[in-house]
Amino acid sequence: MRSPSFTRRASCTGRTPPDHSRCSHNCPKLKPRVKKKPPKQDPKKPKKPPTAFFYFLDDFRKIFKEQNPDVKSMRDIGKACGEKWKTMSFEEKVAYYDRATDKRAEFDKAMSDYIKRREIGEEESEESDEE
DNA sequence: GTCTTGATTGTTGCG
DNA sequence: CGCAACAATCAAGAC
């Protein structure tokens with residue numbers, strides 16, 4: 001899964017009408033999206049807020065350690081958490097989703113500012129260093 | 001580095 | 001020029 005967004009990208013997830021799904025004719029492949037993306041990490045780029053799963057992880061992590069004091073590595077927790085995560089009811093997860101969504105709302109603002117600044121020229125201060 | 005999943009963003013391609 | 005859709009990258013927390 002890459003982006004089963006709940007709030008955003010609803011249109012994307014829901015996809016477009018079957019008519020526009022493919023080319024006007026009958027192209028098997030929608031778009032040969034062979035694109036290499038240089039991981040240009042911008043210092044002003046806002047970090048991604050923890051997702052619902054991460055929030056659950058934080059809570060589950062504490063509980064899991066109490067129930068499994070032997071387990072210290074987060075790796076095992078991740079697996080157990082992921083497995084339990086799928087078993088959880090939507091109502092239980094929605095609580096984390098709501099929290100994550102709220103955080104993303106704030107993050108979205110930061111992104112807007114970041115992108116806006118980017119369009120301007122990503123220069124909020126003079127940087128001696130440049131490429 | 002591991003390990004999970006979710007979310008975000010960016011790029012591309014057609015209309 | 002703009003939207004639509006996908007693809008890749010990244011987010012953390014203990015050891």
Assigned charges on the beta-carbon of Lys, Arg, Asp, Glu; the range A:43-122 dipole about Cα centre (debye): 400 debye
5 angstrom amide H check on A:V71, placed H, neighbours 5+ away: none
Cβ-based net charge around A:V94, under 15 Å, with every Lys or Arg adding one and every Asp or Glu removing one: 0
Out-of-range pairs (alpha-carbon distance over 32 Å; input A:K48/A:K84; A:K86/A:K109; A:K72/A:K93; A:K72/A:K103; A:K44/A:K72): A:K44/A:K72
Net charge over other residues, Cβ less than 12 angstrom from the Cβ of A:A80 (K, R count +1; D, E count -1): +4
Calculated on alpha-carbon atoms, Rg and Dmax of the range A:43-122 in Å: 16.6, 53
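Laboratory data are not the source of any read-out in this text; all were calculated from the coordinates shown. Quick caveat, the model's predicted, so the values are computed rather than measured. Quick reminder, even Gly has a Cβ in these numbers, built from the backbone with ideal geometry, and neighbours come from all protein chains shown.
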